[in-house]
Structures are given as C-alpha cells and as structure tokens.
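Just so you know, all these numbers are worked out from the coordinates, no wet-lab data involved. This structure is a prediction, so every number in the text was calculated from the model and none was measured. Ideal geometry is used to build each Cβ from the backbone, glycine not excepted, and the neighbour counts take in all protein chains shown.
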Amino acid sequence: MGEPLIAGNWKMFKTVGEAVDFVRELAYRVSGLHGVEMVVCPPFTALAAVSGLLRDLGAGIAVGAQNMYWENEGAYTGEVAPGMLKEIGCRYVILGHSERRQYFGETDVMVNKKVHAALAHDLMPIVCVGERLEERESGTTEAVVRKQVEGSLAGLSAVQAAKLVVAYEPVWAIGTGRTASASDAQQVNEFIRGLLRSLFGEVAAQAVRIQYGGSVKPGNAAELMAQPDIDGALVGGASLEVDSFTDIIKNAVAG
Ligand SMILES: O=C(CO)COP(=O)(O)O
C-alpha cells in the first residue's frame, strides 16, 4: 500500500480564527514530514480561509469539505455545490458520514448522487460506511456494510471507483472512546476490499484507500495503520487538538 491518508473531520467545531490558527501550527509541526498524506476537513465557513492559507504556506496538507449537494446550482437554500468547493481549493469531500445519515436523513441513494457529482467535479469522495451497535451485536455488520457500499457506489466505472476513499466507521466507535480492535477493523476493511474487487475488479480495489474511523488516538494509530487493508484514518475528536492530531500523523508514518 502507499502512504497512509490521515484526515481530520472537525465536524461542527472551530471558528474561522480558530481554524486558521490551528492549520498554521499544524503546518509548522509537520513540515518536512514524508510518507503520509494529510487532509483537514473544516466546517464550510472556514474552508476558504484554511485552503488559502495552506496553499500560501505550501504545507502539503489538503482540504476537504464535510458534505455537499449533488446539483451544480439552483434553488436549494442552505446547500453547497461541488463546483463551489472546487473553486476554493477543496480536494476531498466527506460523503455519507453516519451523522449525516442519522440526523439529516441521508440515504445510500442520496450518497450515491453525491459521489457521482463529486467525481464529475474532480473532488475525491471519502465515502463513509459502518454499522450501528445493535447491528454488530446481531451479527449483521457485513450485510449492513455491503448494502451501504453497493448503494453508495452504484453505477461507477472501475476508473471512477479507483479514485475513491472509503472510510469504515463503526457508529458505536465514533466519539465513544471505544475503538474497534485493529483486527476487527482489519476484518471489515478486508471485507470492503473484497466487495470493491467484485464490483470494480482487482486494479480498482487495490487503488481505493480504505480508512478506519472511530476513536482513533495517538496510542492506537500505529497498530491500526499496520493492518494490510487499513490505508488511513478519519479522525474526529483527536483531530481538533494540534498535539493529538500531529501525534496521530507521526505515528501513522511509523505504522
Ligand atoms: O466520526 C469520526 C470521523 O469522521 C470519528 O470521530 P471520533 O474520532 O471522535 O470517534
């Protein structure tokens, strides 16, 4: 596998001022670091400022949005279009996060439309999938993940699929401090790789980066990244502090 892809999902945290201060410090701390790809995903309001600053600093840290709508423009109050994200320098966009699914009613059909729209605008989707606690306990993890992967990625060509990032985020591990064990996470990531192989072929399946997310911390990053099918991390809470996010990035390289 190539370099791990470590992305910070800031969710609904940080003002523009806080975001700018954070990335200035982060860029300083990780300058000269090789062997890892870094992304920060601030809220919409801070995207342009963060993106502009990182470009000016030449920091080698990419920017992603946390959501978008699938239409190019129109009367969709409150939504943000793919081209608008592209214009301000976003390279990635998180799609179908479990919080979007749970609180804002996003379905696989909607995520699928967003994935197609993102790729059409040369944005790299980070497509989130993962089971809830009751689903894991009832033994339906693989069935749930299969349905999300097949639904979210329907209609893509192998060439398009190869550009994807998939984040396996078990809902019970998000913000709970309860990380999936490295072997449990590896098992599901390997299952996802197999699904991608059957849908898009071997070349695309190997090209997709499959992250793990859910209570990733400095102390567990290396072990998670050492798994053969874990190609990166989508970090929530621990990406909000420069110390912990920097340590995760450095430990991921070591892993
Ligand atoms: O949802 C997540 C990243 O998208 C994970 O959040 P935590 O790292 O806070 O568990």
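Computed over region 1-115, the convex hull of the alpha-carbon atoms projects to a mean area of 8.0 nm².
Note on Met12 and Ser183: the extension gain reaches 58.5 nm, defined as 0.36 nm multiplied by sequence separation minus the Cα-Cα distance. With the alpha-carbon atoms of region 119-179 aligned to their principal axes, the span from lowest to highest coordinate is 37, 23, 13 Å, starting with the largest.
About its Cα centre, the dipole of region 72-193 is roughly 220 debye, where the only charges are +1 on Lys and Arg Cβ and -1 on Asp and Glu Cβ. Region 17-37 and region 191-206 have Cα centres lying 33 Å from one another.
Taking amide hydrogens as placed 1.01 Å from N in the peptide plane, the amide H of Val80 sits under 5 Å from those of Tyr69, each at least 5 positions away in sequence or on another chain. Legend: P(r) of region 213-252 from all alpha carbon pair distances, 5 Å bins from 0, whole percents, reading 5, 30, 38, 20, 6, 1. Across the options Met12, Gly2, Ala222, the greatest Cα extent toward the positive end of the charge dipole of the chain (unit charges at beta carbon of Lys, Arg, Asp, Glu) belongs to Gly2.
Say R0 is 30 Å: what FRET efficiency, to the nearest 0.05, do Asp21 and Ala254 get from their beta-carbon distance? Walk me through the intermediate numbers first.
Numbers: r = 27 Å, r/R0 = 0.90.
For Asp21 and Ala254, the calculated efficiency is 0.65.
Coupling constants for region 61-70 follow from the phi torsions by the Karplus curve (6.51 cos²θ - 1.76 cosθ + 1.60, θ = phi - 60°), and in residue order they are 10, 8, 10, x, 8, 9, 5, 6, 9, 9 Hz; glycine and proline get x.
Per the Cα gyration tensor, the chain maps to an equivalent ellipsoid with semi-axes of 25, 22, 17 Å, ordered largest to smallest. Helical content alone sets the calculated 222 nm signal of the chain at -14000 deg cm²/dmol, taking -39,500 (n - 2.57) per DSSP H segment of four or more residues and averaging over every residue. Two numbers describe the Cα atoms of region 32-100: Rg and Dmax, which are 13.1, 45 Å. Working value for region 187-247: equivalent-ellipsoid semi-axes of 27, 10, 9 Å, each the square root of 5 times a Cα gyration tensor eigenvalue, largest first. Using a Gaussian network model of the chain with C-alpha springs under 10 Å, which one of Ala185, Ala143, Ala75 is most mobile by mean-square fluctuation? Highest fluctuation among the options: Ala75. Close amide H pairs (under 5 Å, H built 1.01 Å from N) link Tyr92 with Val63, Gly64, Ala65, Met124, residues at least 5 positions away or on another chain.
Computed from phi, the 3J(HN,Hα) profile of region 72-81 under the Karplus parametrisation 6.51, -1.76, 1.60 (θ = phi - 60°) reads 6, 5, x, 7, 10, 3, x, 9, 10, 8 Hz, with x in place of Gly and Pro.
Tell me, rounded to the nearest percent, the portion of alpha carbon pairs in region 1-40 spaced more than 15 Å apart. In whole percent, the share of Cα-Cα pairs in region 1-40 beyond 15 Å is 49. Working note: Karplus 6.51/-1.76/1.60 with θ = phi - 60° gives region 175-183 the couplings x, 9, x, 9, 6, 5, 5, 4, 6 Hz, where Gly and Pro are set to x.
Close amide-amide hydrogen proximity is noted between Val166 and Val127, Arg209, Ile210, Gln211, each under 5 Å apart and 5 or more residues distant or on a separate chain (H modeled in the peptide plane; Pro and chain starts excluded). Debye-formula intensities of region 112-249, expressed as log10 I(q)/I(0) at q = 0.12, 0.20 Å⁻¹, are -0.46, -1.19 (one equal scatterer per alpha-carbon, no solvent).
For region 5-254, the relative contact order is 19 percent, taking Cα pairs closer than 8 Å that sit 6 or more residues apart in sequence and dividing their mean separation by the residue count. As a calculated quantity, the FRET efficiency between Ile88 and Ser138 at R0 = 35 Å, using C-beta atoms, amounts to about 0.25. Among beta bridges from DSSP that stay inside region 1-79, the antiparallel ones total about 0%.
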